[in-house]
Amino acid sequence: MLPSRGRLLDVVGLLTRLGLAAVWLISGGIKLADPGQTYLAVQAYDVLPGEFVGVVATLLPLVEVVLGLLLLAGAFTRWAAVASAVVLVMFIAGVAQSWARGLTIDCGCFGGGGQVEPGQTAYPEELARDLGFLALAAWLLVRPGTPLAVDRWFRRGRTGSGPETTERNDEKRKDASGRSGADGEEAASAGVGGQV
């Protein structure tokens with residue numbers, strides 16, 4: 001028996017969210033573990049004034065880890081996807097400008113980074129990988145609701161679910177005469193227009 005389309009999309013969404021979370025957690029964790037190398041990687045792009053290199057090298061791994069934790073938990077998934085997309089577009093622009101300017105650097109996306117020998121650059125692979133990660137962020141931007149997510153738990157708490165909540169909601173929809181649903185709407189229109 002094949003799974004329903006909705007269930008399949010849920011599984012794809014869950015794997016997408018957890019995959020992008022893993023990317024950020026691994027990338028940010030490696031950078032946090034070696035701040036000196038992270039500084040060299042940011043500096044190698046040669047786009048920031050010297051006083052901002054340290055700030056970016058310090059904040060970037062923290063942003064990546066926070067995004068990873070949010071996505072892992074499934075909390076604020078759409079906002080985390082937006083922030084992920086913005087960071088990834090900046091990464092893509094950074095790698096593309098380095099390639100266009102003839103710089104010979106390793107992106108430092110997963111540790112390392114900095115100057116490399118001319119034959120050791122991997123710009124096409126780095127751009128393709130980041131575009132793939134951007135596609136994951138785009139999926140979550142369009143379909144942020146995934147299984148095993150804090151977002152779903154909050155949404156259920158806000159809208160309610162289960163038979164007891166349905167009964168409470170039916171009670172709230174009743175009009176003054178005690179009718180609910182379509183019956184109450186028909187009575188209201190009959191009172192206004194005089195016809196049913």
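The values are calculated or read from the model by the stated rules, or taken from the named source; none is laboratory data. Given the structure is predicted, the values throughout are model-derived calculations rather than measurements. So basically every Cβ, Gly included, is an ideal-geometry build from the backbone, and we count neighbours across all protein chains shown.
Values computed for the structure shown
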item	result
Scope the stretch 30-85; condition closer than 20 Å to residue 105 by Cβ, among the small types (Gly, Ala, Ser) and in contact with a Lys or Arg (Cβ under 9 Å, 6 or more places away or on another chain); matching residues	41, 57
Residues located in the stretch 104-135, provided they are of a type in the set (Asp, Glu) and out of contact with any Gly (no Cβ under 9 Å at 6 or more places or on another chain)	117, 125, 126, 130
Contacts under 9 angstrom Cβ, first residue in the stretch 117-129 being outside the structural domain of residue 90 (by TED's automatic domain parsing), partner assigned to a helix (DSSP H, G or I) and among the hydroxyl-bearing types (Ser, Thr, Tyr), 6 or more apart	none
Options 147, 118; residue that is surrounded by fewer than 18 Cβ atoms within 10 Å (Cβ to Cβ) and either β-branched (Val, Ile, Thr) or touching a helix residue (DSSP H, G or I) at 6+ places or on another chain (Cβ under 9 Å) (or both)	147
Wholly within the stretch 8-116, helices (runs of 4 or more DSSP H) carrying at least 3 residues that are within 25 Å of residue 150 (Cα to Cα) and not acidic (Asp, Glu)	50-73, 77-100
